[in-house]
Amino acid sequence: MARERVALWRCPSYEAKQVEAAVEQAVAALGGMPAFVRPGQRVLLKVNLLTRRPPEAAVTTHPALVRAVVREVQKAGGHPVIYDSPGGPFTRKSLEAIYKATGMAEVAAEMGAELNWDLSSVEVPNPPGMLFQGLRLSRAVVGADVVINLPKLKTHGLTRYTGAVKNLFGCIPGLTKAEYHLRLPELPLFSRFLVELAQLVRPALTVMDAVVGMEGEGPSAGRPRRLGLILASPSPFALDRVALALIGLKAEEVETTKIAAEHELAPPLEEIDVLGEDLAAVAVHGFTVPPPDGTSFRLFGRRLSPNSLKVVARWLKPRPFFDAAKCRRCGVCLRNCPAQALTLAGRRPDVDLTRCIRCFCCQELCPEQAVSIYRPALTRWFFRH
Ligand code: SF4
Ligand code: SF4
């Protein structure tokens, strides 16, 4: 079987010429865009447009990277369509605001690329053996000839890391995402679902924005961190494995990559051909990543039984914390909480912890960064590194 390839290219800034050169060279190392796109094909660019934030906030895929990929697709004769279904309602009005704030509207106008306005969805059958017999995907994704995945390297309160595989969650339209969160409240099952979704969507190519990533309280309230890199690969699983090594995480520390490795979708690092930069030489040190979820761990070297785990987890599980000083009572978190665990009577939302499934959609989507993830002192002690 052919070895998986991941191109790892230096890109010190978002200056257009630097990004164009890095994207062109990284994709050329994989055979060039014509290896992935044929003339006349409709090419869906799955960007990360999590929420309405400007490019410098490092929450969304940077427009300079999107512009460079649009250029490559057009050179290969393809028709690029910029797509995401961000968190929250999937409406024309919300898309308009997000396309404008994130720089996508400008890229589309400048390059003659299309912005997706199709809000409809379609049920797609899954192969036997998957968690669900079928998945509801955006029609724009299903109708594309080719999907190119353009994630941003960030941390994530639920999954610890979000990159190539997690970015494809946005192929599920609007609030249907919240339904899947609710049906799969435990991280291992939710992660298996993400892996299966990536297998179903099968992006032909992934180009990751790791020029400036996000560490700490990602995916929207963390700190921008300059890595100065672009990664590209035909395999989202191999790409995530290399990206994790870059930020000092092992495959088994991120559930989606662990599952992909168990299913032989993500080969060991030493069996991946890393093209371009030397991985060890460009690895980032001290990249702050959220600790693992408090549902599965060892105590004094012994794995806790499910029952004792439930008792301990009640005390140790991270939970959303709402900052009254920042909250503007907009209600975005209430409308998007899949478990309907929030109420808003006072100056900030109240969370019913018996209902909360710790998906942290409230933290992802709060426009005021008023939501953080509170980890009790005991949890921090257990998970200290
Ligand atoms: S916590 Fe954020 S999203 Fe929720 S009501 Fe307050 S400002 Fe709005
Ligand atoms: S309160 Fe926040 S973390 Fe809890 S279920 Fe609702 S959106 Fe998810």
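Excluding Met1 itself, calculate the net charge of residues whose Cβ lies under 14 Å from the Cβ of Met1, where each Lys or Arg counts +1 and each Asp or Glu counts -1.
Neighbourhood net charge equals -2.
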Could you tell me the accessible area of Asp145 in Å² (1.4 Å probe, neighbours in place), rounded to the nearest ten? 90 Å²
Can you sort Tyr374, Tyr161 by 1.4 Å-probe accessible area, starting with the largest? Tyr374, Tyr161
Gap in Å between the Cα centre of segment 215-263 and the Cα centre of segment 119-192? 17 Å
How many lysine pairs in segment 1-119, separated by 8 or more positions in sequence or lying on different chains, have Cα atoms less than 21 Å apart? 4
Report, in debye and to the nearest 20, how large the dipole of the chain comes out about its Cα centre when Lys and Arg carry +1 and Asp and Glu carry -1 on their Cβ. 1420 debye
Cross-link reach list, lysines versus Lys317, counting only Cα pairs under 26 Å and skipping chain neighbours closer than eight places: Lys154, Lys166, Lys177, Lys250, Lys258, Lys326
Beyond 30 Å, what share of the Cα-Cα pairs of the chain is found? Please give it as a whole percent. 36 percent
Taking Cα atoms only, helix 187-201 is inclined relative to the longest principal axis of the chain by an angle, in degrees rounded to 10, of 20 degrees
Over the chain, with neighbouring protein chains present, the accessible area per residue in Å² at probe 1.4 Å is 43 Å²
With all protein chains present, segment 1-73 has a carbon and sulfur share of its accessible area (1.4 Å probe) in percent of 52 percent
Can you give the accessible area of Thr288, probe radius 1.4 Å, in Å² rounded to 10? 60 Å²
Connecting every pair of Cα atoms under 10 Å apart in the chain and solving the GNM, the largest mean-square fluctuation among Ala280, Ala266, Ala68 falls on Ala280
For His285, the accessible surface traced by a 1.4 Å probe with all protein chains present amounts, in square angstrom to the nearest 10, to 140 Å²
With a 1.4 angstrom probe the carbon and sulfur portion of accessible area for segment 117-231, in percent, totals 52 percent
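The values are calculated or read from the model by the stated rules, or taken from the named source; none is laboratory data. Not measured: the values here are computed from a predicted model. Counting neighbours? That spans all protein chains shown, and the Cβs are built from the backbone with ideal geometry, glycine included. Remember, those area values only see protein heavy atoms, side chains included, never the ligands or the DNA or RNA. Shrake-Rupley method; radii C 1.70, N 1.55, O 1.52, S 1.80 Å.
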